[in-house]
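What follows is a set of notes on a single structure, which appears directly below.
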Amino acid sequence: MRVREIQVKSALTFSESKRRYTLSPYVGCTNACVYCYARDYARRYKGMEWESEIIVKKNIDEVLRSDIIRKKPGYVFMSTMCDPYQFLEERYKLTRKCLEVFLEFPLLEIELMVLTKSTLVLRDLDLFREMKRATVGLTVTTDDDEIRKIFEPSASSIEERIGVLRTFKENGVRTCAFISPILPMNPERLSRMLKPYVDCVFIDDMHYRWRVRERYERYGLSWALKDEYFERTRKKLLELLQK
Ligand code: SF4
């Protein structure tokens, strides 16, 4: 895998459609999820090979500080172009440095959502405990780790992710589960696993189904790519998790 270090001029990007700022310390992601569509948004990084290259924004924390002063963001989502806790974060600590920058501005009351599939987020528990308006989100797309291995081969196991949610919740940090996309699953079991440890849940089916069709067919899972499956599963999850 190639790692390309770059210097950036801006850190926060405003999304008109979602009315929020996004922050991505890296572009590219070693989690290698089969359904990932972030690669479609990486085209502006010329010559980038999504599957085998990670762009590291070396000065993102410094630029973030001046962006916060200038833009005064209300809500920041981290991240859309990577998992902010993919394994390179162990070496570069850019996500951690960004959290430290947010902590310099307590009076701005910035709402921060950090989304990951990695246990590395536990390293920053000390910082999250200090933040008044931060939520730690874990993507949990199925209850079955064999399914996880097919679609998210390099991410932490489902059991580990639930463990992360539990730890944050027990430490008074707001938590959220992103069941997105809805992979083949037992919704009753997944609801039982998540419910004690989450403050909010976000559910979405599968975009860009053409991208994953071959993988579903190879494993005999085509039944779980039908509208009827997504509708039934979403309904069941909502019913159980809202109780
Ligand atoms: S964690 Fe997110 S950005 Fe990374 S490969 Fe998976 S879907 Fe893509």
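None of the figures in this text is laboratory data; all of them are computed from the coordinates on show. These numbers come from a predicted model, not from an experiment. All Cβ positions, glycine included, derive from the backbone under ideal geometry; neighbour counts span all protein chains shown.
Computed values, structure above
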item: Nearest-ten-degree value, helix 60-71 long axis tilted from longest Cα axis of the chain; result: 80 degrees
item: DSSP-defined beta bridges in region 1-109 - what % are antiparallel, rounded to 5; result: 45 percent
item: Where Cα atoms sit under 16 Å apart: lysine pairs in region 143-243 separated by 8 or more or lying on different chains; result: 7
item: Ordering of 226-235, 31-40 by burial proxy (mean other Cβ atoms within 10 Å per residue, highest first); result: 31-40, 226-235
item: Positive dipole terminus of the chain, leading residue within PHE87, GLN7, ILE179 (C-beta point charges); result: GLN7
item: Projected area, mean over directions - region 94-158, Cα convex hull, nm²; result: 4.8 nm²
item: Anisotropy class of the chain from Cα gyration tensor, a/c 1.5 cut; result: oblate
item: Antiparallel content of DSSP bridges confined to the chain, in %, to 5; result: 20 percent
item: Normalised per residue, the volume of the convex hull around the Cα set of region 161-223 (Å³); result: 96 Å³
item: For region 1-109: rounded, prolate or oblate by the Cα gyration tensor [a/c cutoff 1.5]; result: prolate
item: Under 5 Å, built H, 5+ apart or other chain: amide partners of GLU111; result: TYR75, VAL76
item: Region 117-243, dipole about Cα centre (Lys/Arg Cβ +1, Asp/Glu Cβ -1), debye to the nearest 20; result: 220 debye
item: Extended-chain gain in nm, criterion 0.36 nm per residue less alpha-carbon gap, ARG211 and VAL3; result: 72.3 nm
item: Computed magnitude of the charge dipole of the chain (debye, nearest 20; Cβ of K, R +1, Cβ of D, E -1); result: 520 debye
item: Computed helical MRE - 222 nm, the chain, DSSP H runs ≥ 4 contributing -39500 (n - 2.57), nearest 500; result: -10000 deg cm²/dmol
item: Residue of ARG70, ARG215, ARG96 that the Gaussian network model of the chain assigns the largest fluctuation, springs spanning Cα pairs under 10 Å; result: ARG70
item: Lysine pairs with alpha-carbon atoms under 23 Å apart, region 1-109, spacing 8 or more or separate chains; result: 22
item: Range of Cα positions in region 111-243 per principal axis (Å), largest first; result: 46, 33, 24
